[in-house]
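Report on the following structure.
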Amino acid sequence: MAAEDLNDYSIIKEGEAEILMHAKNEVFYNKTQVNNRDISIAVLRTFVSKRKEEHEALLSKRAIKVSEKCASGSVLEETSNESDVNKEKLNGEIEGPEEISQDESSAISKQTVKATERKVQGQLKPPRVLEALSASGLRALRYAREVEGISQVVALDNDKASVEACRRNIKFNGSLACSKVESHLADARVYMLSHPKEFDVVDLDPYGSPSVFLDSAVQSVVDGGLLMCTATDMAVLCGGNGEVCYSKYGSYPLRGKYCHEMALRILLASIESHANRYKRYIVPVLSVQMDFYVRVFVRIYTSASAMKNTPLKLSYVYQCTGCDSFHLQPIGRTASNKNNSIRYLPGFGPVVPQVCSDCGKKFNMGGPLWSAPIHDQEWVTSILEDVKSMKDRYPAYDRISAILTTISEELPDVPLFLSLHNLCATLKCTSPSAVIFRSAVINAGYRISGTHVNPLGLKSDAPMDVIWDIMRCWVKNHPVKAQPPDQSGSVILAKEPTLQANFARAVASLSKAQAKKIARFLPNPERHWGPKLRAGRQITNKHISLLGQEVVNGHLNHEEDVEPDVKRQKIEDPTPSS
């Protein structure tokens, strides 16, 4: 690249990678996604180590089976039969059976075990990564340079300017990047369909919805591989356009306080649906909502029998239009036969009456969504330990460590969450502190935790009638003004509580992170922190909310300064008429 051309570019360094960005915004780059890229690298590092552990465990299991066969004598018999056949071939005539001494038999046994072990020990190949939507290639370069053990990163894009920028950045990052990263101009869907079960890791990070890529993505991942997927169309997933969400993801969203977690669960249900079409299923290891998007990390496996459990992991949600109480309706259930075999049956229903038993209003129904755990707590612990041990290598260390800490303390088996302020808004009462409310739930014999999605969210396995009883007891000690009798709060408070809440401070009312005063929810690092413009878009006044007044004004003023020169040039150098 010529030296004068470098004036048109700015060098952006993130982690160990550096990229050249053109001043005209020809290729999309979003610095706010540094959190996304950092947490992806942390998960990828854990995946590489877990994959190695699983392979070693598989080898040891097979070796044990081989030794058991040897001990039983089955291998020895096979070997002796083979030796008899070999003797016949060598001598050219059938000889009578010869007695084998104990020393000879043990030698044959050892040789057989060694030969079988050689067959068992399949070499584990380094993982291959596919970044399906690479743009500038920054993510692919960071994977190659920062994650040890990766053999190859394939970066795809269907935009020529993006592929040129990616190849330029690969060269700019030196020999290591050139040996590991390759860039192709291709439609990601076609490429993934033409490379089935070839990649250990597939990363989808589109500008918008990933729905059109999911079908081909679940086919290109190897058995036990990792699919990393981002969705930034939060308005659709959170209930702003329910019909659009249903057309893209096959689920209808509800606009509850838990809508961001519901977005995660809708995305997981959609990935599972696409995987099931090919006798595959998913196991989520980490699911994160942060900034302006959701990001899920799932393992993909192939098993026609395990796939039958999918209806047990999906549920519909009934949300009251009056008091926002919600109830889950599982799609399927299992039953055992007399011979202990499992039968798969449709779920019992309905879980709710026609009107809410708490406030008398009707229900909205949403879903289906993923109601099984969305995190693997063992993975979360490993990822968090890795991040803390290598904090200097993560530019967004503070943010991702805070999110992972909160996730590590979530109740894994409780879908969705309550909002304490929302409960109080329904009753028109003052809010108890989170510690007091959590203590009341714990003293009633139930579990409760926070959620990484919302600082005011509370996950609990307590049923809604217990929650409302606790709030009734709170209102008795903190009376409210009289409200119209037809309002939801008035109907709820008109009933006497069957449970007498105990608001005494419980030991577990504060999580470990709260007790140690570890930051869990950090503010945005700067103003106008969010998704930036698509590549090639012209900046106008309508983009003030995204970029800020100063940036937009500066850009428009710069355009006004340049425009007169362009016009003058056209007047002075008119093109000759043919």
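The values are calculated or read from the model by the stated rules, or taken from the named source; none is laboratory data. These numbers come from a predicted model, not from an experiment. Cβ sites come from the backbone with ideal geometry, for glycine too, and all protein chains shown count toward neighbours. Ligands, DNA and RNA are excluded from the accessible area calculation, which covers all protein heavy atoms including side chains. Shrake-Rupley method; radii C 1.70, N 1.55, O 1.52, S 1.80 Å.
Observations on the model:
- Criterion applied to Leu214, Leu227 was being modelled with pLDDT of 95 or more, in a strand (DSSP E or B) and within 30 Å of Met365 (Cβ to Cβ), and the one residue passing it is Leu227.
- Flag for Pro432 being surrounded by fewer than 17 Cβ atoms within 10 Å (Cβ to Cβ) and touching a Phe, Trp or Tyr at 6+ places or on another chain (Cβ under 6 Å): no
- Test: residue in the stretch 340-357 that is open to solvent by 50 Å² or more (accessible area, probe 1.4 Å), in contact (Cβ under 8 Å) with a residue 60 or more places away in the chain and closer than 30 Å to Lys495 by Cα: yes
- When the stretch 312-339 is limited to residues that are among the polar types (S, T, N, Q), more than 21 Å from Gly250 (Cβ to Cβ) and in contact (Cβ under 8 Å) with a residue 40 or more places away in the chain, the one that is most open to solvent (accessible area, probe 1.4 Å) turns out to be Thr321.
- Taking each residue of the stretch 360-387 that is at positive phi and among the hydrophobic types (A, V, I, L, M, F, W, C) and looking for partners that are open to solvent by less than 30 Å² (accessible area, probe 1.4 Å) and outside any loop (DSSP other than H, G, I, E, B) with beta-carbon atoms closer than 8 Å, six or more apart or interchain, yields nothing.
- Restricting the stretch 207-246 to residues that are within 14 Å of the chain's Cα centre (by Cα) and of a type in the set (S, T, N, Q), the residue that is nearest to Val283 (Cα to Cα): Thr230
- Some residue of the stretch 292-311 being in a loop (DSSP other than H, G, I, E, B), open to solvent by less than 40 Å² (accessible area, probe 1.4 Å) and in contact with a Ser or Thr (Cβ under 8 Å, 6 or more places away or on another chain): yes
- Residue check for Asn524: open to solvent by 60 Å² or more (accessible area, probe 1.4 Å), at pLDDT below 75 and touching a Leu at 6+ places or on another chain (Cβ under 8 Å): no
- Failed item, numbered, when Leu411 is tested on (1) in contact with a strand residue (DSSP E or B) (Cβ under 6 Å, 6 or more places away or on another chain); (2) within 13 Å of Ser509 (Cβ to Cβ); (3) open to solvent by 20 Å² or more (accessible area, probe 1.4 Å): (2)
- The C-beta contact set for the stretch 504-517 (first residue open to solvent by less than 100 Å² (accessible area, probe 1.4 Å), second residue assigned to a helix (DSSP H, G or I) and among the small types (Gly, Ala, Ser), distance under 7 angstrom, 6+ apart or interchain) comprises Ala504/Ser439; Ala506/Ser439; Ser509/Ser439.
- Residues located in the stretch 360-385, provided they are part of a helix (DSSP H, G or I) and open to solvent by 30 Å² or more (accessible area, probe 1.4 Å): Gln377, Glu378, Thr381, Ser382, Glu385
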